[in-house]
1. Starting from residues that are without any contact (Cβ under 8 Å) to a residue 24 or more places away in the chain and of a type in the set (Lys, Arg), keep the ones in region 33-59 and report whichever is nearest to Thr10 (Cα to Cα).
2. Just give me the residues in region 23-36 being at negative phi and either assigned to a helix (DSSP H, G or I) or open to solvent by 50 Å² or more (accessible area, probe 1.4 Å) (or both), in sequence order.
3. Determine if region 37-48 includes at least one residue that is of a type in the set (A, V, I, L, M, F, W, C), more than 16 Å from Val18 (Cα to Cα), in a helix (DSSP H, G or I) and open to solvent by less than 100 Å² (accessible area, probe 1.4 Å).
Amino acid sequence: MQRVQLTTQTEPQLVGRVLVSLGLAHASERQRFFKYFHSVAAVRYASHRQQRAYVSGNRQRQALLTAIELGRWAEKAPRPF
């Protein structure tokens, strides 16, 4: 897995790279994400209804939200000894 340096990319660029890797290569998909959430952090506070509206039955969009949630879990996890 390739490690991405966050300091060299903006949030929209990083979301765009993830969307491309999920098969959602169109710029309109990145625009759709930021239309619904405005930022990756905003996904945390989005209602289930808002998330469902964004996903709209698309498995790749659901995978993106799941990956964001997984990242949040990893960030909160205690460091293993």
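1. Going through the qualifying residues, I end up with Lys35.
2. Ala25, His26, Ala27, Ser28, Glu29, Arg30, Gln31, Arg32, Phe33, Phe34, Lys35, Tyr36
3. Yes, region 37-48 contains a residue that is of a type in the set (A, V, I, L, M, F, W, C), more than 16 Å from Val18 (Cα to Cα), in a helix (DSSP H, G or I) and open to solvent by less than 100 Å² (accessible area, probe 1.4 Å).
The values are calculated or read from the model by the stated rules, or taken from the named source; none is laboratory data. Just so we're clear, the structure is a prediction, and the values are computed from it rather than from any experiment. Note: ideal-geometry Cβ built from the backbone for every residue, glycine included; neighbour counts use all protein chains shown. The area values use the complete protein model at the heavy-atom level, side chains included, leaving out ligands, DNA and RNA. Shrake-Rupley method; radii C 1.70, N 1.55, O 1.52, S 1.80 Å.
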